[in-house]
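We did not get these values from a lab; they are worked out from the coordinates using the rules stated. This is a predicted model, so every value here is computed, not measured. Methodologically, a virtual Cβ is constructed for each residue, glycine included, from the backbone with ideal geometry; neighbour enumeration extends over all protein chains shown.
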Amino acid sequence: MSDKKIFIFDTTLRDGEQVPGCKLNAEEKVGLALRLEALGVDIIEAGFPISSPGDFKSVEEIAKIIKNATVCGLSRAVQKDIEVAAEALRHARQPRIHTGIGTSDSHIKSKFNATREEILQRAVQAVKWARNLVGDVEFYAEDAGRTDNEYLARVVEAVIAAGATVVNIPDTTGYCLPDQYGEKIAWLVNHVPNIDKAVISCHCHNDLGLATANSIAGIRNGARQIECTINGLGERAGNTSLEEVVMVIKQHKQLGFYTSINAQELNPMSRLVSDTMRMPVQPNKAIVGANAFSHSSGIHQDGFLKDASTYEIINPDEVGAGESRIVLTARSGRSALAFRLKKIGYDFNRNDVDTLYQQFLHVADTKKEVLEEDLRRLAHAYTTAAIPS
Ligand code: KIV
Ligand code: ZN
């Protein structure tokens, strides 16, 4: 059986940009969009055109310049929003309008003071408005994670009949467990008669740290698009991280999926987004964190130096992260010390390393990390002391 393509829908410039402090101007957004296209994403959600004149301009400029990816604009299920999104996308080679409405009882009652039937009608109407303006319309059922499955299936069937090409099943509050989210997608696959006419999309938030696991559960149960962001940026605890889902799919070939992402660009892209949005990446972040390929305990370092695959499942080069790092701390061992000394030109024998190791530990106990300059000082003192006067 041949592998199935998973479409990567990047929403760094929309959901990611909603993070406090991450707002981008049009020039920054266009620069990032070009890099996202080069990274190989299939869809770029460029913004929410009706939200501000600046965001309208960003979507318009991105639509003009992007050649290979679909450019998408967000809207509510409101006619004016949809018309403004279409207007901002008018120059796009492949425009998509992303429209939708809350479908959980909590959204229906608290946000809209409406009934399920009224929301279903509004959803259908929004898709029809959008389909009159563009050929590619994605519908989002906001808070689908907490929406009753039978009602969700009715909404999904109705919006596909109205012309939706993609149906987005967001776990807006990051509530679902992976098996619950997977079952929700399977429920739609099995209970929506026209489901084969649309792509199912996963849009998972990370409030419980499950966004990546939920997205993978989604595609294992029939979804073919993942909505994600670079560095997992997004509302509250963020969205599914692009680099994580791409590498899960790449590592676990037995799942039978592939993406069009150029993995070697993942780390450069992560740094660019972090710098442009002025939002640091947590050091222990999978794939792109500063420590993702660092080894600091003696046991790990010894194993890694004998065979990298003992402690690394990904070659850092594969994701553009440069070389793995052997970090020296008070938990490091002799082999790591010998390795780092050799790197700066000192090829000591075993006895010398044993002696130096005791001196190293004294320094290491006073510091968080023993740096190259400390090592040079130690090695220099040791070699000069060893020369008879
Ligand atoms: O989390 C969410 O439900 C969203 C929708 C607007 C797709 O971001
Ligand atoms: Zn979201």
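Annotation: the residues Tyr357, Tyr181, sorted from fewest to most other C-beta atoms within 10 Å of their own C-beta, follow the order Tyr357, Tyr181. Distance between the 7 Å Cα→Cβ label points at Phe112 and Met279: 2.8 nm. Put a dot 7 Å past the Cα of Asn291, heading toward its Cβ, do the same for Glu312, and the two dots end up 1.8 nm apart. Taking amide H as placed 1.01 Å from N in the peptide plane, the amide H of His205 sits under 5 Å from that of Asp171, Gly174, each at least 5 places away or on another chain.
Taking 7 Å steps out from each Cα toward its Cβ at Gln358 and Gln251 produces label points 4.2 nm apart. Within the listed set Arg376, Arg325, Arg224, the Gaussian network model of the chain (springs between alpha-carbon atoms below 10 Å) gives the highest mean-square fluctuation for Arg376. For helix 178-191, what angle does its Cα long axis make with the longest principal axis of the chain, in degrees from 0 to 90 and rounded to 10? Once rounded, the angle reads 30 degrees.
Computed over neighbours whose Cβ is under 13 Å from that of Phe348, the net charge equals +2, Lys and Arg +1, Asp and Glu -1. Across the chain, C-alpha contacts under 8 Å between residues 6 or more apart give a mean separation that, scaled by the residue count, equals a relative contact order of 13 percent.
Please give the Cα centre distance for region 134-153 versus region 94-132, rounded to the nearest Å. Comparing the Cα centres of region 134-153 and region 94-132, I get a distance of 8 Å. Under a Gaussian network description of the chain, with springs only between Cα atoms under 10 Å, the residue in Ala186, Ala85, Ala46 that fluctuates furthest is Ala186.
Once the chain from Glu369 to Lys23 is taken as fully extended at 0.36 nm per residue, the excess over their C-alpha distance is 121.1 nm. Highest GNM mean-square fluctuation among Ile230, Ile200, Ile65, for the chain modelled with Cα contacts below 10 Å: Ile65. Per-residue Cβ neighbour counts within 10 Å put His300, His191, His203 in the sequence His191, His300, His203, beginning with the fewest.
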